[in-house]
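Readers should treat all values here as calculations from the given coordinates under stated rules, not as data from a laboratory. From a predicted model like this one, the values you see are computed outputs, not experimental measurements. As a convention, Cβ positions derive from the backbone with ideal geometry for all residues, glycine included, and neighbour counts pool all protein chains shown.
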Amino acid sequence: MTSQIIIHSSNEPKPHFVLVPMMAQGHMIPMLDFAVFLAHHGSLVTVITTPLNASRNRATINSARDSGISIRFVELAFPCKELGLPEGCENIDIVPSAELMKNFFEGLSLLAEPVEKYLREQEPYPNCMVTDFCHHWTQKVADNLQIPRLTFFSICCFTLLCTHNISHYKVYDRITDEHEPFDVPGLSQKIVVTKDQAPAGFFVEPGWEEFAKKVEKAELAADGIVVNTFNDLELQHIKNYQIAMGKKVWAVGPFFLHNKNLSNMSMRGNKASIDINKCLTWLDSKEPRSVVYVNFGSLTFVEARRLIEIGLGLESSNHPFIWVIKEHEISPEVEGWLSEGFEERVKSRSLLIKGWAPQVLILSHPAVGGFMTHCGWNSTLEGISTGVPMITWPHFADQFLNERMVVDVLKIGVSVGVKKRGMWVDSKEVLANREDVRKAVKRLMDGGEAAEGIRQRATEVGRKARDAMKEGGSSYDSMTSFIHYFSVEGRTDDEGQV
Ligand code: UDP
C-alpha cells in the first residue's frame, strides 16, 4: 500500500464521505471520532443522525465545527410513533423492552428514503458512504447513488474473525450444550469459548433471522470494511479477516486518539455526571497507578445483587477506586445499600459517579492503574490506548471474545472469571461474587511478577496505539490511502486490494 498525502487547494473539491452511525453510544461515539479524524485528514464529511443523538453529542459537534474542518451534521427525524416507540426513543439505550428493540432495528430502514433524497441534492455529490453494519439498508442507498459503501465496525478483527470462523466452520451444528467449551477453529492460537459466550453473529436470537440475513447480504455487497483497530495490535487477524471476507479491511484506529483536546474528551458521548475538576483533583491526590476504575459501558445493566457484590469486592480489595453506576441501576435497594453504610465506609478512598463518566479523561490520568470493564470494544480499546491493564467482566455480544483478546492474546488483563452471559438472558445467578472481584483486583493491583508483566505489556501496547495514529503511523497512513482510494480520480488498483 502506498503512503501519500493529498493536499487540496482551497478551490479543489474535497472528497465527500457520508457517515451513518448506528444510534447507540458504543457505535455513535467511535463513528464521530472517525468523522473528525477523516475531516482533519482533508475530506468533507457528512454525518447523518437524529435530533436526540445530535444533542447528546453536541460538544463534539460544536468543537468539530469550531475547529474549521469540513464537516456537516444532518439531523433527520426518526419515525418513533410509526414504529410504536415512545416519543424521542432514538437510541437503543432507551428502548423500553426487548420486544420494542425489534421495532427499533427494523425501523432503521425507514431512514433510507430521506437519506437518499438528501444526498442526491448535495453539492459536492458524495464519493462514498461509510455506515454501521446494523444499517444494512444503506447498501441500497449507495447502489442507487452509484457510489461505494463500506461497513463500519468498532469491534476488533480478532472478534470479527472468531465470529466468522464459528459460523463458517458450522461449529454450532455439532454443539448441543451452550456451556460446552470448544476451540475456535481457524486461529493460530488456542482460544476456548462457549456458545453462550460467543454467538455465531450479532443477531442470533429467535425472531431476528430476517434482520440477520439483511445485514449479512449488505456486508457481502460492501466495497470494504472500516475497523477501529491498528496493525501493531493484530496484523494477522486483520489480514485473515480480510481474506475471509474477500475485501479490503481498513485498520485506521484508535480513532479517539486523534483528539488531543482532553476537555473536549470530557464531554464525549454525553454530559458528564461529575464536575470534571472534582474528578481530576481527586485523581491528582492519588498515587500513580493506584486507582481501579470500574465502568461497564453504556448498555450493560447490572442488577442490584450483582452490583452490591461488585461494591463489596472493591471495598475488601483495599484499593482506591472510581465506580460508575448508571442512574437506572440505582433501584431503591441499591440506594438503601449505598447510603446505609457503604458510601460512608469507602468515602476516603472512592469516588462514585452516578450517571455518565468522562471515561477517556479518567483513563488518561496517571493515577489509574486498572480498568474493570465489561469489554465493549470501545472501552477495551480506550484501556489499550491509555496503557491501562484491565480486569475483565464481559456481559454479552462481542464482549466475551474481546475478553479473550485482552487476557489470552494480548495478555494485558486478568479475568474476574465470569463464564455466562449476564444480559438478554433470564438468569438470576450472581455470576461473580465479592470474593471473585476482590481476588481479580488484587491479582492486578497488588504487584508481583505476573502483574508487572501484564502492566509492562499494557504500557507497550498503549505506546504502539499512540504511534499508529501519529503522522507516519500505520493508521494515519492508512487513512491517507483510504481517502485517496475513494476520491475517485485518485483511485489506484494496488491500494484497495486484499
Ligand atoms: N462511555 C463513557 N462514559 C460512560 C460510559 C461509557 O464515556 O459512563 C463511553 C466509553 O468511553 C465508550 C462508549 O461509551 O467509548 C461505550 O462503548 P463500549 O463499546 O465500550 O460499550 P457499550 O456501551 O457499547 O456496551
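For GLN236 and GLU106, the FRET efficiency from 1/(1 + (r/R0)^6), where r spans their Cβ atoms and R0 equals 25 Å, is about 0.10. Here segment 271-466 is assigned +1 on the Cβ of each Lys and Arg and -1 on the Cβ of each Asp and Glu. Its dipole about the Cα centre then comes out at about 520 debye. Placing pseudo-labels 7 Å out from each Cα toward the beta carbon at ALA212 and ARG457 gives an inter-label distance of 3.2 nm.
Taking the Cα centre of the chain as origin and charging only Cβ (+1 Lys, Arg; -1 Asp, Glu), how large is the dipole, in debye to the nearest 20? Don't skip to the answer; put the middle values down first.
Working: 52 positive and 62 negative charges, 181 e Å.
Charge dipole of the chain: 860 debye, to the nearest 20.
Scattering from segment 333-378 was approximated by placing one identical point on each alpha carbon and applying the Debye formula without solvent; log10 I(q)/I(0) at 0.18, 0.20 1/Å stands at -0.77, -0.89. Which loop trypsin sites (Lys or Arg not before Pro) in segment 259-306, with loop taken from DSSP, have no more than 10 other Cβ atoms within 10 angstrom of their Cβ? Those satisfying the criteria are LYS260. Counting only residues at least eight positions apart within a chain, or on another chain, the aspartates and glutamates with an alpha carbon under 18 Å from that of LYS260 are ASP33, ASP66, GLU382, ASP467, GLU471. Here the Kirkwood formula, the inverse mean of 1/r across different C-alpha pairs, assigns segment 271-466 a hydrodynamic radius of 16.6 Å. I need to check one value: relative contact order of segment 61-141, counting alpha carbon pairs closer than 8 Å and at least 6 residues apart, in percent. About 22 percent, as a whole number. Counting helices only, and only those DSSP H runs with n ≥ 4, report the 222 nm mean residue ellipticity of the chain as the sum of -39,500 (n - 2.57) divided by its residues, in deg cm²/dmol to the nearest 500. It comes out at -12000 deg cm²/dmol, rounded to the nearest 500.
Once you've got the Cα coordinates, tell me which of LYS326/LYS442; LYS278/LYS439; LYS190/LYS248; LYS419/LYS439 are over 28 Å apart. Mind dumping the intermediate values first?
Numbers: LYS326/LYS442 25 Å; LYS278/LYS439 30 Å; LYS190/LYS248 26 Å; LYS419/LYS439 16 Å.
Those over the limit are LYS278/LYS439.
What is the set of long-range amide H partners of THR229 at a cut-off below 5 Å, with H atoms built 1.01 Å from backbone N? Those lying under 5 Å, H to H, from THR229 are VAL252, GLY253.
Find, to one decimal place in angstroms, the Kirkwood hydrodynamic radius of segment 358-479, where the mean of 1/r is taken over every pair of different Cα atoms and then inverted.
Working: mean 1/r = 0.0664 Å⁻¹.
Computed over segment 358-479, the radius equals 15.1 Å.
Report the chymotrypsin sites (Phe, Trp or Tyr not before Pro) located in segment 133-179 that are in a DSSP loop and have at most 14 other Cβ atoms inside 10 Å of their Cβ, or state none. In loop regions of segment 133-179 (DSSP not H, G, I, E or B), the sparsely surrounded chymotrypsin sites (Phe, Trp or Tyr not before Pro) are TYR169. Highest mean first, the peptides 109-119, 437-447 sorted by other C-beta atoms within 10 Å per residue fall in the order 437-447, 109-119. Size descriptors for the chain (Cα atoms only): Rg and Dmax, in that order, 22.1, 67 Å.
Please arrange MET405, MET267 by counting, for each residue, the other beta carbons lying within 10 Å of its beta carbon, fewest first.
Ordered by Cβ neighbours within 10 Å, fewest first: MET267, MET405.
Ordered by the count of other Cβ atoms within 10 Å of each Cβ, fewest first, SER67, SER290 give SER67, SER290.
Could you list LEU431, LEU160 in order of exposure, starting from the residue whose Cβ has the fewest other Cβ atoms within 10 Å? Don't skip to the end; give the middle numbers.
Numbers: LEU431 19, LEU160 25.
The most exposed by this proxy come first: LEU431, LEU160.
Can you give the angle from 0 to 90° between the axis of helix 304-317 and the longest principal axis of the chain, with both taken from C-alpha atoms, to the nearest 10? It works out to around 70 degrees. What the pair-distance distribution of segment 91-147 shows, using all Cα-Cα distances binned every 10 Å from zero, is 21, 46, 23, 10, 0 percent.
Straight-distance candidates among the lysines for linking to LYS117, with alpha-carbon spacing under 20 Å and chain neighbours fewer than 8 residues away dropped: LYS140. Of the chymotrypsin sites (Phe, Trp or Tyr not before Pro) in segment 410-485, the ones in a loop by DSSP (not H, G, I, E or B) with at most 14 other beta carbons within 10 Å are TRP424.
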